[in-house]
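Worksheet for the structure shown next.
The values are calculated or read from the model by the stated rules, or taken from the named source; none is laboratory data. It should be emphasised that the depicted structure is a prediction, and the values quoted were computed from it without experimental measurement. Glycine also receives a Cβ, built like all others from the backbone with ideal geometry; neighbour counts cover every protein chain displayed. Areas reflect the complete protein model, heavy atoms only, side chains present, ligands, DNA and RNA absent. Shrake-Rupley method; radii C 1.70, N 1.55, O 1.52, S 1.80 Å.
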Amino acid sequence: MQPPTCLPYEAVAAARGERFVPEAFASLWATGTLQGLGRPSIAIVGTRAATPYGKRLARSFAAELGVAGCSIVSGLALGIDAAAHAGALDADAPTIGILGGGHDAFFPRRNAALAERIIERGGAVLSPYPPEREAKPWQFLERNAVVAALSDAIVVIEAPARSGALNTAGWAAGRIPVFAVPGDVDRAHVAGCHALIRDGAILARCAQDVLDDLRLSQPGCADGKKQTRRLEFDDEVQRRIAGMLSCGELGVEEIAAACAAPAAAVFAALSLMEIGGVIEALPGRRYVLR
């Protein structure tokens with residue numbers, strides 16, 4: 001990673017155009033380009049101990065928002081953060097990572113390669129701390145204020161009752177919209193999301209809910225549904241099916257007609273996705289994302 005440059009608050013605020021930036025920092029150390037901050041910037045945050053389902057959600061939310069012209073902001077942590085950055089890269093959209101320590105003491109090391117990809121693809125890695133500063137637990141709470149300051153909205157995916165993601169939402173509350181993705185009511189992994197919804201956060205079932213509420217257009221949509229989306233699937237047909245199911249259930253005939261693939265390939269993909277727990281079969285030969 002190239003040596004970071006120290007940018008004053010004014011320079012970072014200018015990259016955001018006319019949009020208000022709270023003075024959550026005096027300066028930021030930056031590697032990469034801040035051009036992505038000129039777009040609508042959506043933070044996607046959640047637990048480090050994310051489930052495979054939560055990671056898929058974060059990646060698909062980020063990819064769809066990226067296709068719609070947004071940049072994705074997150075904390076470059078393991079779990080939901082890393083999946084959100086990866087989703088933005090899937091969509092060739094800029095993504096901005098905010099560290100809880102200095103660039104030279106990069107943490108977590110497992111995401112160093114991801115940070116390099118972010119920079120190479122036109123994004124940035126930022127930190128409110130000088131390059132040599134080691135990451136400390138309390139610094140991540142301060143980092144969360146920067147994530148909120150650089151965002152136009154926050155989306156929380158898989159946050160337990162005690163979560164840094166809820167701290168990020170707290171920094172955003174009353175200034176920008178906070179969205180929360182629900183889950184099963186008895187799952188501890190999403191207890192924080194349900195608490196946010198109870199307290200007034202906007203329920204988001206899919207990326208289109210976020211785009212609709214923020215009045216952002218999404219190219220390639222018909223009737224409010226995204227037709228293609230890139231996810232963690234090696235098979236292109238599975239990617240297409242997941243994209244079509246991202247905002248609601250569909251019948252097998254609708255999926256086959258829109259998938260632009262042989263019927264045998266569509267049925268095989270549906271079977272594999274059902275076996276893998278990605279989708280659920282409903283009565284009437286209809287399917288929905290789990």
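Being assigned to a helix (DSSP H, G or I) and within 19 Å of residue 143 (Cα to Cα) is the filter here; which residues of the range 164-205 pass it? Those that are assigned to a helix (DSSP H, G or I) and within 19 Å of residue 143 (Cα to Cα): 164, 165, 166, 167, 168, 169, 170, 171, 172. In the set (1) surrounded by fewer than 22 Cβ atoms within 10 Å (Cβ to Cβ); (2) not in a helix (DSSP H, G or I), residue 110 fails one condition alone, (2).
Just the residues that are of a type outside the set (Val, Ile, Thr), under 24 Å from residue 109 (Cα atoms) and not in a helix (DSSP H, G or I), please, taken from the range 62-92. Scanning the range 62-92 gives 71, 74, 75, 76, 77, 78, 79, 92.
Residue 201 meets the conditions (1) within 19 Å of residue 40 (Cβ to Cβ); (2) within 16 Å of the chain's Cα centre (by Cα) in every case but one. The failed one is (2). Screening 100, 87 for residues that are farther than 17 Å from residue 147 by Cα and crowded, with 24+ Cβ neighbours inside 10 Å leaves exactly one candidate, 87.
Looking at 62, 58, 24 in this structure, which one is open to solvent by 20 Å² or more (accessible area, probe 1.4 Å) and on the phi < 0 side of the Ramachandran plot? Matching residue, one of 62, 58, 24: 24. Take residue 232 and decide whether it is at pLDDT below 50 and either among the aliphatic types (A, V, I, L, M) or open to solvent by 60 Å² or more (accessible area, probe 1.4 Å) (or both). Spelling it out, residue 232 is indeed at pLDDT below 50 and either among the aliphatic types (A, V, I, L, M) or open to solvent by 60 Å² or more (accessible area, probe 1.4 Å) (or both). If you go through the range 170-189 and keep only what is under 17 Å from residue 58 (Cβ atoms) and at pLDDT 90 or above, you end up with 178, 179, 180, 181, 182.
Just one residue in the set 83, 148, 113, 165 is farther than 17 Å from residue 41 by Cα and aliphatic (A, V, I, L, M); that residue is 113. When the range 154-163 is limited to residues that are within 21 Å of residue 246 (Cβ to Cβ) and assigned to a loop (DSSP other than H, G, I, E, B), the one that is nearest to the chain's Cα centre (by Cα) turns out to be 158.
So, residue 248, is that one at pLDDT below 80, open to solvent by less than 70 Å² (accessible area, probe 1.4 Å), part of a loop (DSSP other than H, G, I, E, B) and closer than 23 Å to residue 155 by Cα or not?
Details: at pLDDT below 80: yes; open to solvent by less than 70 Å² (accessible area, probe 1.4 Å): yes; part of a loop (DSSP other than H, G, I, E, B): yes; closer than 23 Å to residue 155 by Cα: yes.
Judged against the criteria, residue 248 is a match.
Sort out which residues of the range 7-21 are open to solvent by 50 Å² or more (accessible area, probe 1.4 Å) and either assigned to a loop (DSSP other than H, G, I, E, B) or among the aliphatic types (A, V, I, L, M) (or both), and write them in order of number.
Quick first cut of the range 7-21, residues open to solvent by 50 Å² or more (accessible area, probe 1.4 Å) only: 8, 10, 14, 18-20.
Across the range 7-21, the qualifying residues are 14, 18, 19, 20.
Just one of (1) at pLDDT 85 or above; (2) more than 22 Å from residue 52 (Cα to Cα); (3) open to solvent by 30 Å² or more (accessible area, probe 1.4 Å) fails for residue 201. It is (3).
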